[in-house]
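The values are calculated or read from the model by the stated rules, or taken from the named source; none is laboratory data. Quick caveat, the model's predicted, so the values are computed rather than measured. Ideal geometry is used to build each Cβ from the backbone, glycine not excepted, and the neighbour counts take in all protein chains shown. Each accessible area value is taken on the protein alone, full model and side chains, heavy atoms only, with ligands, DNA and RNA left out. Shrake-Rupley method; radii C 1.70, N 1.55, O 1.52, S 1.80 Å.
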Amino acid sequence: MKKLLSVLVVLSLAVFSAFSQVDSKTADKAFKVLESTDDILAYHGDYSATISLVIEKPGKPKENLQYKIFERTDKDLMTIVQLFPEADKGNGYLRDGDNIWAYDPISRKFTHTSIKEALGDSDVKLDDVNQSSARWRENFTVESFTEGTLGKYPVYEITLAAKTTEPAYSKIKYYVRKDIPLTLKEEDFSGSGRLMRTILIPKYSKVPAGYVPVQLILRDELNKGENTQQVISDLTFDKLPDNIFTKAYLESLN
């Protein structure tokens, strides 16, 4: 009986999912809007940047973290090195396609990890700094695609449901400006539909290579009052040496 009930529940979820998705033409339009939000950003090919995080939690002093990120977006290669605080300096992450490793400079060991892992004690996940444009169609289905307003901006409101285990959240809703395809807001939900996290992007800068979201505010919706502010600086778009995307590079820093 329990087995039968389990099968019925799975079938019900499958039927609900099928009816909750939009038609293929609408889905394609939604994916194109999301892909345009990647195309308009400056992150193409090789780039490096400094990511500074300020973490606020009720009853605790502010915590500051800083990382250096190197990415080769067309090859799904990414290296992240922690710069601050001094006690954690040298901690790192290395991505090569679907493989992601975390590096501990004290033990000098690499541990296979997930793109869902957070940077330090912040609300920023490795998934947030992943710039692969293929992630939309590979990992999500479009649940809804509508138009609305956010503040003074007319926006597209796009809700995606994860179809693989790769995304950090089961459902994501994006608010994208209609005049310029810039993401202004993101809402991340659990499988049960509970709002887990909100991301606000109040500031972009225009550089020759495109737009850069220089300030993000990530709000933990489960723990009220917990916020992470992310600031991007020191952007360069020069060709990076191949050895930066190796385990040996992380080991050589310590």
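Here are the numbers for the structure shown:
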{"quantity": "Selected residue (criterion: nearest to Phe140 (Cα to Cα)) from residues of segment 158-212 that are touching a residue at least 40 places away in the same chain (Cβ under 8 Å) and among the aromatic types (Phe, Trp, Tyr)", "calculated": "Tyr174"}
{"quantity": "Check on Ala87, on the phi < 0 side of the Ramachandran plot, touching a Gly at 6+ places or on another chain (Cβ under 8 Å) and not aromatic (Phe, Trp, Tyr)", "calculated": "no"}
{"quantity": "Lone qualifier among Asp128, Asp121 - being at pLDDT below 95, open to solvent by 40 Å² or more (accessible area, probe 1.4 Å) and in a helix (DSSP H, G or I)", "calculated": "Asp128"}
{"quantity": "Sole exception among (1) open to solvent by 30 Å² or more (accessible area, probe 1.4 Å); (2) closer than 24 Å to Glu187 by Cβ; (3) at pLDDT below 95 for His112, by number", "calculated": "(2)"}
{"quantity": "Hits in segment 132-178 (condition: among the polar types (S, T, N, Q) and either open to solvent by less than 40 Å² (accessible area, probe 1.4 Å) or assigned to a strand (DSSP E or B) (or both))", "calculated": "Ser132, Asn139, Thr141, Ser144, Thr146, Thr149, Thr159"}
{"quantity": "Of residues in segment 69-107 being surrounded by 20 or more Cβ atoms within 10 Å (Cβ to Cβ) and of a type in the set (S, T, N, Q), the one nearest to Lys247 (Cα to Cα)", "calculated": "Thr79"}
{"quantity": "Single residue of segment 214-232 satisfying the filter (open to solvent by 40 Å² or more (accessible area, probe 1.4 Å) and assigned to a loop (DSSP other than H, G, I, E, B)) that is farthest from Ile55 (Cα to Cα)", "calculated": "Leu222"}
{"quantity": "The lone exception for Lys60 - which of (1) open to solvent by 40 Å² or more (accessible area, probe 1.4 Å); (2) within 17 Å of the chain's Cα centre (by Cα) it fails", "calculated": "(2)"}
{"quantity": "From the options Tyr249, Tyr211, residue that is over 14 Å from the mean Cα position of the chain (by Cα), assigned to a strand (DSSP E or B) and not polar (S, T, N, Q)", "calculated": "Tyr211"}
{"quantity": "Matching option when the condition is part of a loop (DSSP other than H, G, I, E, B), at pLDDT 95 or above and on the phi < 0 side of the Ramachandran plot, among Leu200, Leu240, Leu184", "calculated": "Leu240"}
{"quantity": "Filtered residues of segment 67-108 (kept if assigned to a strand (DSSP E or B), charged (D, E, K, R) and in contact with a helix residue (DSSP H, G or I) (Cβ under 9 Å, 6 or more places away or on another chain))", "calculated": "Glu71, Arg72, Arg95, Asp96"}
